[in-house]
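Reading through the structure tokens given below for one structure.
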């Protein structure tokens, strides 16, 4: 046994050397990444990676290792190197190109190399993250004038996607049409339901009697209007530029303080920053005082609730889920204790994630 203990000690010493060499490799990767950024070079260099793997295969044959096993180890090392060099991440957003959702995504990830992928619906953004097609997704969750985006809330019940961030975008709507179309010629107006609701007074005053057609995004509304005469759309000015359309009027929203809150989706949430929020879904027994008792878990610990909203549970008449945001990270002791107490009062509880405040 003394010999076994000594051999294990020697093995630990070798492992320490391997970890030290990996640490040195990471530092070199960071320096290489900085040089690539300065030179405008891509993070991934397929020729270089092939050369590294060929050396690994030659080495493995000399030492009698299985080449595939050793190659698999180095594939993981190369992937880690790309991450520290700032490899591009894939971000899904509610498309097509030119939506406020795309604007929010590009601003949130402005300090990271990213590839932006448009999806046709909020459901598809969730699935894209859940199935690993993209590392992140960006979806609207709430507008300061029109309230919550219900489909976003409902999708958290259908998927295991987490919230890892939030972003607030000032929404300035425009009236957009094909070139040379005058306001009085407009017969059909396309837009997302929330955008239409944000511009009710403008529509009633300037477009009385116009037929309104809802679309699943403002950018798609611009695309629809582009294909028709005497049609217009309400959406971001960016989409007018992208699709070669004309902006007839800017700032057509009814209130100047018009913001939309977006959630950043991922497979896992964020580490504590000291300035965090947590989102949860829960349901309580259908009996008097059950919600009061559940929320007491937060009140007794002086945890501030920033949002609470009910949604039909779709499992029986007049039964509801409650969506709740509160200040603090789920790993903090008061929040952790509150969630543990809340679970005892609930028939269902799901933590959606903790993330830095916008």
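Structure data summary
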read-out	value
Flag if residue 185 is under 32 Å from the mean Cα position of the chain (by Cα) and either in contact (Cβ under 8 Å) with a residue 40 or more places away in the chain or under 19 Å from residue 138 (Cβ atoms) (or both)	no
Strands (runs of 3 or more DSSP E) completely within the stretch 255-358 that count 3 or more residues being exposed (fewer than 15 other Cβ atoms within 10 Å of the Cβ)	305-312
Complete set of residues in the stretch 58-101 that are under 30 Å from residue 222 (Cα atoms) and in contact with a helix residue (DSSP H, G or I) (Cβ under 6 Å, 6 or more places away or on another chain)	91, 92, 93, 94, 96, 97, 98, 99
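Listed here are the residues, each with its yes/no results for (1) closer than 28 Å to residue 322 by Cβ; (2) touching a helix residue (DSSP H, G or I) at 6+ places or on another chain (Cβ under 7 Å); (3) modelled with pLDDT of 90 or more.
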{"residue": "124", "(1), (2), (3)": "yes, no, yes"}
{"residue": "132", "(1), (2), (3)": "no, no, yes"}
{"residue": "136", "(1), (2), (3)": "yes, yes, yes"}
{"residue": "147", "(1), (2), (3)": "yes, no, no"}
{"residue": "156", "(1), (2), (3)": "yes, no, yes"}
{"residue": "163", "(1), (2), (3)": "yes, no, yes"}
{"residue": "168", "(1), (2), (3)": "yes, no, yes"}
{"residue": "178", "(1), (2), (3)": "no, yes, yes"}
{"residue": "200", "(1), (2), (3)": "no, no, yes"}
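The values are calculated or read from the model by the stated rules, or taken from the named source; none is laboratory data. Given the structure is predicted, the values throughout are model-derived calculations rather than measurements. Every residue, glycine among them, receives a Cβ derived from its backbone with ideal geometry; neighbour counts consider all protein chains shown.
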